[in-house]
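Take a look at the structure below.
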Amino acid sequence: MTPMEKIRKLRESGSFHFTKSLGQNFLTDENILDKLVQAAGITPKDAVIEIGPGAGIVTEKLLQAAGPVLAVEIDKALIPFLQETLQPYPNFTLWHQDVLKAPLGQWIQENSPDQPVKIVANLPYYVTTPIVMKLLEENLPIHSMVLMVQKEVALRMAAKPGTKDYGALSVAVQLYCQVEKAFDVSPNVFIPKPKVGSAVVKLTIHEKPPVQLDHPELFFTLVKAAFGQRRKTLSNALSHLRPKEEKQEIVQVLEAASIDPVRRGETLNIQEFANLSQLWQKQFF
Ligand code: SAM
């Protein structure tokens, strides 16, 4: 079945209607579909997790190329259709669940104990960042994620220090992954058409993280504070974290980390944020 035939059959089955609030924009273009799966470099040895299978358009390609495939779908109205159309594939598992609450680690342990899994998804745009952060922060054994996201989010994930797109998401994603922007995707290849452009990004988890963090919570607190007030100098942007301290103390910590206090947070690279959190911890805790 072509993607359009699948979507037609799903609509005719009666119980499904597109739900905007669930970010339902289904892919209709075979060429983009192939490029998405190719970017993930799937082989029969790979276990794959797909987030949001929708009508099962990407899922079927994954089932043909991969070993075990887990698809996690929140919308109850899609479950009978997915079960019926993909039931011939013995490597298919479907969970009706919010992926933010799904015990993915357990499935990985049971289905791919010796090899990290690959994630492939045309993500629901309303919840992209929480999903990506859940996958990264849980330290699951993941090899890579090939994700269709809003174009603006792809640019933010890949952005370098000092650019307008560089922010807390760039730091968080680049702390865990190497980011490659694979290709742009037009709104015309989805039903219904999203209002924004899309892009596919490939996030490959670092074998060895670029920095060792002794205090990850503090690191992220400093990152958020630095980007929360982008127009301010670092010494001003960080001062509300230590309201009782003299600003001079904050300046001293910045200088000890070899960071000019008049720089803006958006110019700091990951290594500099890591040095800063190390010295901040020493000075204030
Ligand atoms: N993979 C399909 C495709 O490419 O045609 C559908 C992609 S659509 C952009 C996003 C899918 O994610 C929808 O099927 C939606 O119901 C599902 N979804 C939305 N929020 C979810 C969540 N929190 N957990 C799991 N699935 C979710």
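Only the coordinates and a few stated rules stand behind these numbers; no lab work does. In this text, all values refer to a predicted model and were calculated from it rather than measured experimentally. Because the Cβ atoms are built from the backbone with ideal geometry, glycine has one as well, and the counts that use them run over all protein chains shown.
I'd like the orientation of helix 3-12 relative to the chain: the angle between its Cα long axis and the longest Cα principal axis, in ° from 0 to 90, rounded to 10.
So the helix axis and the longest Cα principal axis differ by about 70 degrees.
Express as a percent, rounded to the nearest 5, the fraction of DSSP beta bridges in the range 115-264 (both residues included) that run antiparallel.
75
Quick one: if you stick a label point 7 Å off each Cα along the C-beta vector at E152 and F18, how many nm between them?
Each label point is offset 7 Å from its Cα along the Cβ direction, giving 2.0 nm.
Got a sec to turn the phi values of the range 65-71 into Karplus ³J(HN,Hα) couplings, 6.51 cos²θ - 1.76 cosθ + 1.60 with θ = phi - 60°, whole Hz, x for Gly and Pro?
For the range 65-71, the Karplus curve yields 9, 10, x, x, 10, 10, 10 Hz.
Using helices alone, I'd like the mean residue ellipticity at 222 nm for the chain: each DSSP H run of four-plus residues gives -39500 (n - 2.57), total over residue count, nearest 500.
-11500 deg cm²/dmol
Treating the angle as unsigned and between 0 and 90°, give the value, to the nearest 10°, between the Cα long axis of helix 270-284 and the longest Cα principal axis of the chain.
Taking the Cα atoms of the chain, the angle to 270-284 is about 50 degrees.
Order 137-150, 220-233, 54-67, 77-90 from most to least packed using the mean count of other Cβ atoms within 10 Å.
On the way: 137-150: 19.4, 220-233: 17.4, 54-67: 22.4, 77-90: 15.3.
By packing density, highest mean first, the sequence is 54-67, 137-150, 220-233, 77-90.
Give me the one-decimal nm value for the distance between modelled label points at Q178 and T93, 7 Å along each residue's Cα-to-Cβ direction.
2.9
Where the centroid of each part is defined by its Cα atoms, how far is the range 1-63 from the range 119-164 in Å?
If you average the Cα positions of each part, the centres end up 19 Å apart.
If a/c stays under 1.5 just call it rounded; otherwise compare a/b with b/c (prolate if a/b is bigger, oblate if not). Do that for the range 65-131, with a ≥ b ≥ c from the square roots of the Cα gyration tensor eigenvalues.
It comes out oblate by the Cα gyration axes.
To the nearest µm²/s, what D does Stokes-Einstein give for the chain at 20 °C and 1.002 mPa s, using the Kirkwood radius over alpha carbon pairs as Rh?
Reported coefficient: 105 µm²/s.
If you take every DSSP beta bridge fully contained in the chain, what fraction is antiparallel? Give it as a percent rounded to 5.
Details: 18 of 36 bridges.
Taking every DSSP beta bridge with both residues in the chain, the antiparallel ones total about 50 percent.
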